[in-house]
Amino acid sequence: MKNGIFILLISVVLPISSWGQIGNLIGHTTSISNEVNTTFITEKTDSKAIASEISLLAQSITKNSISEEQKAKAIFLWIANNISYDNELHNSKALQKKIYTSEENVVRHVLNRKRALCGGYAFLYEKLCGEVGLDVAVIHGYSNEFATKVKRSKPNHTWNAVKLNGKWQLLDITWAISHSRDGGPNLFWFKTPAKDFLKTHRPENRNWTLTR
């Protein structure tokens, strides 16, 4: 999106039910303005074409990056500045069923619509980072007050971890956008210290607390 980051409705993250929208259908499993055109990606774009364009996009985003951290941060910022929060998808069960059939289909629609929910952000980050040699995990869990006050049968949020210099680091693009600072993504949510991340995020797999 050329106009940069959008303004989310409030400074507190919305209660995103990513697992209800993704997991049940798929299963477990500094500002940058890159002028990268993804409008050619449509609902009918085939898998090989999408993979090729994701690779080109990743290379374009990180063309001035050298270290692993620079690449990871460049991709983090590009997504936060170019992909808006998808309120339409959040509120439409029919659209969720159409889009959340596979991770590939989610990423296809994110690039086509230029919008995402937390799972879309996380899957796109994983795909782009993979193209530049970074190991990334997609983590499902619970966010905000739901982390401790409400016992849920299914996670309600999705985020990432990226391995930098042999150490896993936590990040949340959705929260970087919804907790924006000075008109841009909040970089507190990139490489967030594990003890701070745990105050608002509880992974379904406890190993991803990264506190041990």
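Just so you know, all these numbers are worked out from the coordinates, no wet-lab data involved. Here the structure is a predicted model, which is why all the values come from computation and not from measurement. Backbone-built Cβ (ideal geometry, glycine too); neighbour counts: all protein chains shown.
Could you give me the ³J(HN,Hα) list for segment 157-174, computed from phi with Karplus coefficients 6.51, -1.76, 1.60 and θ = phi - 60°, whole Hz, x at Gly and Pro?
7, 9, 8, 10, 10, 10, 8, 10, 6, x, 10, 6, 10, 8, 7, 9, 5, 4
For LYS48 and SER102 in one chain, what is 0.36 nm times their gap in residues minus the Cα-Cα distance, to one decimal in nm?
On the way: separation 54, 0.36 × 54 = 19.44 nm, distance 1.53 nm.
Length difference between fully extended and current span is 17.9 nm.
From the phi angles alone, apply the Karplus equation (6.51, -1.76, 1.60; θ = phi - 60°) to segment 90-95 and give each ³J(HN,Hα) in whole Hz, x where the residue is Gly or Pro.
4, 9, 10, 5, 5, 5
Considering amide H positions built from the backbone, and no H for Pro or chain starts, which residues 5 or more places from ASP135, or on another chain, come under 5 Å of its amide H?
Under 5 Å from the amide H of ASP135 lie the amide H atoms of LYS163, each far enough along the sequence or on another chain.
Grab the beta carbon distance between LYS167 and SER55, set R0 = 22 Å, and tell me the FRET efficiency rounded to 0.05.
0.25
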